[in-house]
Amino acid sequence: MSKRKLLLAANWKMNPAPAAAMVNAHGDRSLNPYHPHADIDVVVLPTFVDLQRCMDAGLIIGAQYGHPETVGAHTGDVSMAMLKKLGCRYVLCGHSERRANHGETDEDVAAQAIAALENGLHPVICIGETLEEREKGHEKTVVKKQLKHLPLESDVTIAYEPVWAIGTGKTATPKQAQEMHAYIRSLLPDDRRESLRILYGGSMKAENAEELLKQPDIDGGLIGGASLKPEEFGRMIEIAENLHG
Ligand code: 13P
(Lines give C-alpha, C1' and ligand atoms only; values in the text may rest on other atoms or scores of the structure.)
Protein backbone atom coordinates (compact mmCIF):
# COMPACT_ATOMS: atom_id res chain seq x y z
CA MET A 1 0.00 0.00 0.00
CA SER A 2 1.17 3.54 -0.72
CA LYS A 3 3.00 5.44 2.04
CA ARG A 4 1.77 8.75 0.64
CA LYS A 5 -1.54 10.51 1.29
CA LEU A 6 -3.96 9.35 -1.42
CA LEU A 7 -5.39 11.83 -3.90
CA LEU A 8 -8.63 11.18 -5.79
CA ALA A 9 -9.15 13.67 -8.59
CA ALA A 10 -12.44 13.84 -10.50
CA ASN A 11 -11.82 14.82 -14.12
CA TRP A 12 -15.21 15.77 -15.48
CA LYS A 13 -13.79 16.61 -18.92
CA MET A 14 -16.36 18.47 -21.09
CA ASN A 15 -19.36 17.28 -19.05
CA PRO A 16 -21.71 19.29 -16.86
CA ALA A 17 -20.83 19.12 -13.18
CA PRO A 18 -23.05 16.63 -11.32
CA ALA A 19 -25.80 18.47 -9.43
CA ALA A 20 -24.73 16.76 -6.17
CA ALA A 21 -21.36 18.50 -6.36
CA MET A 22 -22.98 21.93 -6.27
CA VAL A 23 -24.57 21.44 -2.85
CA ASN A 24 -22.75 23.34 -0.14
CA ALA A 25 -22.72 20.45 2.32
CA HIS A 26 -20.80 22.19 5.12
CA GLY A 27 -18.81 19.03 5.74
CA ASP A 28 -21.67 16.52 5.47
CA ARG A 29 -20.37 14.01 2.97
CA SER A 30 -23.72 12.26 2.59
CA LEU A 31 -24.93 15.44 0.91
CA ASN A 32 -21.91 15.96 -1.30
CA PRO A 33 -19.28 13.22 -1.77
CA TYR A 34 -16.99 15.63 -3.64
CA HIS A 35 -16.27 17.83 -0.64
CA PRO A 36 -12.81 17.82 1.05
CA HIS A 37 -11.91 14.93 3.36
CA ALA A 38 -9.43 14.70 6.20
CA ASP A 39 -7.50 11.51 5.48
CA ILE A 40 -7.28 11.72 1.71
CA ASP A 41 -7.19 14.58 -0.79
CA VAL A 42 -10.23 15.03 -3.03
CA VAL A 43 -10.12 17.46 -5.93
CA VAL A 44 -12.63 18.21 -8.67
CA LEU A 45 -11.64 19.29 -12.16
CA PRO A 46 -14.73 20.81 -13.84
CA THR A 47 -14.94 22.78 -17.07
CA PHE A 48 -13.85 26.41 -16.76
CA VAL A 49 -17.48 27.56 -16.58
CA ASP A 50 -18.22 25.41 -13.51
CA LEU A 51 -15.10 26.29 -11.51
CA GLN A 52 -16.64 29.16 -9.57
CA ARG A 53 -19.82 27.26 -8.67
CA CYS A 54 -17.78 24.29 -7.41
CA MET A 55 -15.66 26.61 -5.31
CA ASP A 56 -18.80 28.26 -3.91
CA ALA A 57 -19.97 24.76 -2.89
CA GLY A 58 -16.81 24.40 -0.76
CA LEU A 59 -14.89 22.04 -3.08
CA ILE A 60 -11.18 22.02 -3.79
CA ILE A 61 -10.90 22.80 -7.45
CA GLY A 62 -8.47 22.41 -10.29
CA ALA A 63 -8.63 23.26 -13.97
CA GLN A 64 -8.19 20.83 -16.82
CA TYR A 65 -5.73 23.09 -18.64
CA GLY A 66 -3.97 26.41 -18.24
CA HIS A 67 -1.97 28.48 -20.73
CA PRO A 68 1.61 29.12 -19.61
CA GLU A 69 1.63 32.81 -20.59
CA THR A 70 0.03 35.23 -18.15
CA VAL A 71 -1.96 37.38 -20.61
CA GLY A 72 -2.04 37.91 -24.35
CA ALA A 73 -3.51 37.06 -27.73
CA HIS A 74 -4.57 33.46 -27.10
CA THR A 75 -8.22 33.25 -28.06
CA GLY A 76 -10.11 30.63 -26.12
CA ASP A 77 -7.39 30.08 -23.53
CA VAL A 78 -7.21 30.84 -19.81
CA SER A 79 -3.86 31.45 -18.10
CA MET A 80 -2.42 29.76 -15.04
CA ALA A 81 -2.28 33.18 -13.40
CA MET A 82 -6.03 33.67 -13.97
CA LEU A 83 -6.82 30.22 -12.59
CA LYS A 84 -4.83 30.93 -9.47
CA LYS A 85 -6.59 34.27 -9.02
CA LEU A 86 -9.97 32.55 -9.26
CA GLY A 87 -9.06 30.13 -6.47
CA CYS A 88 -7.85 27.00 -8.27
CA ARG A 89 -5.35 24.91 -6.35
CA TYR A 90 -4.57 22.28 -8.99
CA VAL A 91 -4.27 22.11 -12.77
CA LEU A 92 -3.99 19.19 -15.17
CA CYS A 93 -1.12 19.38 -17.61
CA GLY A 94 -0.82 17.27 -20.75
CA HIS A 95 -3.90 15.09 -20.51
CA SER A 96 -3.75 12.65 -23.45
CA GLU A 97 -6.95 14.17 -24.89
CA ARG A 98 -5.21 17.55 -25.02
CA ARG A 99 -2.08 16.03 -26.48
CA ALA A 100 -4.20 14.32 -29.18
CA ASN A 101 -6.81 17.04 -29.85
CA HIS A 102 -4.67 20.15 -29.38
CA GLY A 103 -1.26 18.87 -30.45
CA GLU A 104 0.37 19.49 -27.07
CA THR A 105 3.97 18.27 -27.12
CA ASP A 106 6.12 17.12 -24.18
CA GLU A 107 7.78 20.55 -24.28
CA ASP A 108 4.40 22.33 -24.14
CA VAL A 109 3.36 20.19 -21.19
CA ALA A 110 6.59 20.99 -19.36
CA ALA A 111 6.03 24.73 -20.01
CA GLN A 112 2.52 24.41 -18.53
CA ALA A 113 3.81 22.61 -15.44
CA ILE A 114 6.53 25.22 -14.88
CA ALA A 115 4.04 28.07 -15.32
CA ALA A 116 1.64 26.37 -12.91
CA LEU A 117 4.36 26.16 -10.26
CA GLU A 118 5.39 29.77 -10.84
CA ASN A 119 1.79 30.81 -10.25
CA GLY A 120 1.32 28.75 -7.10
CA LEU A 121 -0.78 25.98 -8.68
CA HIS A 122 -0.11 22.29 -8.16
CA PRO A 123 0.34 20.57 -11.54
CA VAL A 124 -1.01 17.06 -12.10
CA ILE A 125 0.98 16.00 -15.15
CA CYS A 126 -0.44 13.22 -17.32
CA ILE A 127 1.72 10.68 -19.11
CA GLY A 128 0.99 7.31 -20.67
CA GLU A 129 1.39 5.24 -23.81
CA THR A 130 -1.06 4.47 -26.62
CA LEU A 131 -2.26 0.97 -27.46
CA GLU A 132 0.05 0.83 -30.46
CA GLU A 133 3.03 1.79 -28.30
CA ARG A 134 2.15 -0.87 -25.72
CA GLU A 135 1.69 -3.54 -28.37
CA LYS A 136 5.18 -2.78 -29.62
CA GLY A 137 6.51 -3.04 -26.06
CA HIS A 138 7.46 0.65 -26.02
CA GLU A 139 5.50 1.76 -22.94
CA LYS A 140 8.55 2.39 -20.76
CA THR A 141 10.45 4.28 -23.46
CA VAL A 142 7.38 6.47 -24.01
CA VAL A 143 6.87 7.47 -20.39
CA LYS A 144 10.61 8.02 -19.94
CA LYS A 145 10.57 10.49 -22.84
CA GLN A 146 7.43 12.19 -21.50
CA LEU A 147 9.08 12.68 -18.11
CA LYS A 148 12.29 14.10 -19.53
CA HIS A 149 11.51 17.83 -19.58
CA LEU A 150 9.29 17.95 -16.50
CA PRO A 151 10.13 19.90 -13.32
CA LEU A 152 10.22 16.73 -11.20
CA GLU A 153 12.37 18.32 -8.52
CA SER A 154 9.34 20.49 -7.64
CA ASP A 155 6.06 19.77 -5.89
CA VAL A 156 4.12 18.08 -8.70
CA THR A 157 1.92 15.00 -9.11
CA ILE A 158 2.23 12.56 -12.00
CA ALA A 159 -0.81 10.75 -13.41
CA TYR A 160 -0.05 7.58 -15.33
CA GLU A 161 -2.93 7.16 -17.76
CA PRO A 162 -2.43 4.49 -20.41
CA VAL A 163 -4.34 5.93 -23.37
CA TRP A 164 -5.81 2.52 -24.23
CA ALA A 165 -7.51 2.39 -20.82
CA ILE A 166 -9.17 5.82 -20.97
CA GLY A 167 -12.93 5.68 -21.44
CA THR A 168 -12.68 2.17 -22.86
CA GLY A 169 -13.70 0.16 -19.81
CA LYS A 170 -10.36 -1.63 -20.23
CA THR A 171 -8.40 -1.00 -17.03
CA ALA A 172 -4.72 -1.79 -16.68
CA THR A 173 -4.47 -4.74 -14.32
CA PRO A 174 -3.17 -3.84 -10.86
CA LYS A 175 0.04 -5.69 -11.81
CA GLN A 176 0.48 -3.77 -15.08
CA ALA A 177 -0.23 -0.46 -13.36
CA GLN A 178 2.08 -1.20 -10.42
CA GLU A 179 4.89 -2.18 -12.78
CA MET A 180 4.61 1.13 -14.65
CA HIS A 181 4.28 3.18 -11.47
CA ALA A 182 7.36 1.54 -9.97
CA TYR A 183 9.23 2.23 -13.20
CA ILE A 184 8.14 5.88 -13.24
CA ARG A 185 9.16 6.20 -9.59
CA SER A 186 12.59 4.78 -10.38
CA LEU A 187 13.11 7.68 -12.82
CA LEU A 188 12.36 10.41 -10.26
CA PRO A 189 15.10 12.50 -8.66
CA ASP A 190 16.47 10.83 -5.49
CA ASP A 191 15.04 13.40 -3.10
CA ARG A 192 11.55 13.25 -4.67
CA ARG A 193 11.28 9.49 -5.19
CA GLU A 194 9.50 8.69 -1.94
CA SER A 195 7.31 11.78 -1.68
CA LEU A 196 6.00 12.44 -5.20
CA ARG A 197 2.51 11.06 -5.82
CA ILE A 198 1.76 8.98 -8.91
CA LEU A 199 -1.95 8.61 -9.70
CA TYR A 200 -3.46 5.94 -11.92
CA GLY A 201 -6.08 6.88 -14.52
CA GLY A 202 -8.01 4.84 -17.06
CA SER A 203 -11.41 3.23 -16.43
CA MET A 204 -10.93 3.36 -12.68
CA LYS A 205 -14.22 2.70 -10.91
CA ALA A 206 -15.62 1.51 -7.58
CA GLU A 207 -15.28 -2.08 -8.75
CA ASN A 208 -11.52 -2.00 -9.37
CA ALA A 209 -10.43 0.88 -7.09
CA GLU A 210 -9.45 -1.23 -4.11
CA GLU A 211 -7.11 -3.55 -6.00
CA LEU A 212 -5.46 -0.60 -7.74
CA LEU A 213 -5.15 1.52 -4.59
CA LYS A 214 -3.60 -1.38 -2.69
CA GLN A 215 -0.52 -1.27 -4.92
CA PRO A 216 2.52 0.26 -3.20
CA ASP A 217 3.28 2.79 -5.94
CA ILE A 218 -0.28 3.88 -6.76
CA ASP A 219 -1.03 7.01 -4.76
CA GLY A 220 -4.56 7.72 -5.92
CA GLY A 221 -6.64 8.04 -9.04
CA LEU A 222 -7.48 10.45 -11.84
CA ILE A 223 -11.03 9.39 -12.52
CA GLY A 224 -13.13 10.29 -15.53
CA GLY A 225 -16.49 8.60 -16.18
CA ALA A 226 -16.97 7.11 -12.71
CA SER A 227 -16.36 10.48 -11.05
CA LEU A 228 -19.50 11.89 -12.71
CA LYS A 229 -21.62 9.46 -10.71
CA PRO A 230 -21.82 10.83 -7.15
CA GLU A 231 -22.78 7.54 -5.56
CA GLU A 232 -19.97 5.63 -7.24
CA PHE A 233 -17.41 8.36 -6.58
CA GLY A 234 -18.50 8.36 -2.93
CA ARG A 235 -17.84 4.62 -2.77
CA MET A 236 -14.36 5.12 -4.22
CA ILE A 237 -13.63 7.71 -1.56
CA GLU A 238 -14.76 5.29 1.12
CA ILE A 239 -12.47 2.60 -0.29
CA ALA A 240 -9.52 5.00 -0.25
CA GLU A 241 -10.33 6.15 3.27
CA ASN A 242 -10.61 2.59 4.54
CA LEU A 243 -7.21 1.78 3.10
CA HIS A 244 -5.54 4.85 4.54
CA GLY A 245 -7.69 6.20 7.33
P1 13P B 1 -12.02 7.34 -17.54
O2 13P B 1 -11.96 7.13 -16.06
O3 13P B 1 -13.35 7.76 -18.05
O4 13P B 1 -11.42 6.18 -18.27
O5 13P B 1 -11.06 8.60 -17.85
C6 13P B 1 -9.78 8.59 -17.33
C7 13P B 1 -9.19 9.94 -17.56
O8 13P B 1 -8.89 10.31 -18.66
C9 13P B 1 -9.03 10.80 -16.40
O10 13P B 1 -8.25 11.91 -16.70
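The values are calculated or read from the model by the stated rules, or taken from the named source; none is laboratory data. Please read these numbers as outputs of a predicted model, since none were measured by experiment. A quick note on method: Cβ atoms are made from the backbone with ideal geometry, for glycine too, and the neighbour counts reach across all protein chains shown.
Exactly one residue among L45, L51, L59 is within 16 Å of the ligand (Cβ to nearest atom) and either crowded, with 21+ Cβ neighbours inside 10 Å or within 28 Å of S96 (Cα to Cα) (or both), and that residue is L45. The set of residues in the stretch 198-213 being within 15 Å of the ligand (Cβ to nearest atom), under 18 Å from S2 (Cβ atoms) and of a type outside the set (A, V, I, L, M, F, W, C) consists of Y200, G201, G202, N208.
G120 passes every criterion in (1) free of Cβ contacts under 8 Å to residues at least 60 places away in the same chain; (2) within 16 Å of the ligand (Cβ to nearest atom); (3) at positive phi apart from (2).
With a requirement of 1 or more residues that are of a type in the set (F, W, Y), none of the helices (runs of 4 or more DSSP H) lying completely within the stretch 89-146 satisfies it. For the stretch 177-197, the set of residues classified as in contact with a helix residue (DSSP H, G or I) (Cβ under 7 Å, 6 or more places away or on another chain) and either within 16 Å of the ligand (Cβ to nearest atom) or of a type in the set (A, V, I, L, M, F, W, C) (or both) consists of A177, M180, I184, L187, listed by residue number. Taken residue by residue, the stretch 164-176 has no member that is at pLDDT 95 or above, over 14 Å from the mean Cα position of the chain (by Cα) and within 14 Å of the ligand (Cβ to nearest atom).
Of the residues examined, V71 is not one that is in contact with a strand residue (DSSP E or B) (Cβ under 6 Å, 6 or more places away or on another chain) and either closer than 17 Å to P123 by Cα or assigned to a loop (DSSP other than H, G, I, E, B) (or both). Taking the criterion of being among the hydrophobic types (A, V, I, L, M, F, W, C) and either more than 12 Å from L8 (Cβ to Cβ) or within 11 Å of the chain's Cα centre (by Cα) (or both), the residues of the stretch 196-214 that qualify are L196, I198, L199. The residue of the stretch 127-157 that is nearest to the ligand (Cβ to nearest atom), among those that are surrounded by fewer than 18 Cβ atoms within 10 Å (Cβ to Cβ) and either of a type in the set (S, T, N, Q) or at positive phi (or both), is T130. Pairing residues of the stretch 167-196 that are of a type in the set (F, W, Y) with residues that are within 16 Å of the ligand (Cβ to nearest atom) and modelled with pLDDT of 95 or more, at Cβ distances under 8 Å and at least 6 apart in sequence or on separate chains, gives Y183/V143. Filter the stretch 18-31 down to the residues that are closer than 15 Å to I61 by Cβ and touching a residue at least 60 places away in the same chain (Cβ under 8 Å), then identify the one that is surrounded by the most Cβ atoms within 10 Å (Cβ to Cβ). Looking at residues that are closer than 15 Å to I61 by Cβ and touching a residue at least 60 places away in the same chain (Cβ under 8 Å), I get A21.
Hey, does the stretch 74-88 have a residue that's more than 16 Å from the ligand (Cβ to nearest atom), under 26 Å from G202 (Cβ atoms), of a type in the set (K, R) and surrounded by fewer than 21 Cβ atoms within 10 Å (Cβ to Cβ)? No, because not a single residue in the stretch 74-88 is more than 16 Å from the ligand (Cβ to nearest atom), under 26 Å from G202 (Cβ atoms), of a type in the set (K, R) and surrounded by fewer than 21 Cβ atoms within 10 Å (Cβ to Cβ).
Evaluated against (1) surrounded by fewer than 20 Cβ atoms within 10 Å (Cβ to Cβ); (2) within 12 Å of the chain's Cα centre (by Cα), Y160 falls short on exactly one condition, (1).
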